[in-house]
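Every number in this text was worked out from the coordinates using simple rules, so none of it is lab data. Everything numeric in this text was worked out from a predicted model, so none of it was measured. Glycine also receives a Cβ, built like all others from the backbone with ideal geometry; neighbour counts cover every protein chain displayed.
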């Protein structure tokens with residue numbers, strides 16, 4: 001059984017995800033193979049907030065090239081979590 005702190009790898013902070021915070025949506029990188037129910041339960045238990053919806057994004061591996069060397073960028077699973085009105089996470093506050 002996965003623990004809550006094992007499911008959520010890290011918060012994703014980019015220009016696009018910072019704009020989503022205004023709509024009460026927070027983005028996390030999650031462990032591969034996690035589902036919406038596990039992510040919602042983990043966020044609710046770790047931060048004591050009410051989750052309304054979870055949207056999952058699966059990115060595929062991509063080849064990257066640096067000079068003559070080729071490699072692969074890892075595949076990442078992301079979750080966009082929508083919180084109930086009035087709830088917010090302090091993880092994203094700077």
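Would you mind calculating the gained length between residue 5 and residue 55 on full extension (0.36 nm times residue separation, minus the Cα-Cα distance), in nm to one decimal? Let's see the in-between values first.
Working: separation 50, 0.36 × 50 = 18.00 nm, distance 1.89 nm.
The residue 5-residue 55 span can extend by a further 16.1 nm.
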Taking the 0 to 90 degree range and rounding to the nearest ten, how far is the long axis of helix 36-47 tilted relative to the main principal axis of the chain, both from C-alpha atoms? 60 degrees
Taking a crude spin-label model, label points 7 Å out from Cα along the C-beta direction, the residue 21 to residue 70 distance in nm is 3.9 nm
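Please work out the ratio of the alpha-carbon Rg of region 4-85 to 2.2 N^0.38 Å and round it to two decimals. Intermediate results must be reported in sequence, preceding the final value.
Details: Rg = 14.6 Å, N = 82, 2.2 N^0.38 = 11.7 Å.
Normalised Cα radius of gyration, region 4-85: 1.24.
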Show that you can apply the helix-only estimate: for the chain, add -39,500 (n - 2.57) for every DSSP H stretch of four or more residues, divide by all residues, and state [θ] at 222 nm to the nearest 500. -6500 deg cm²/dmol
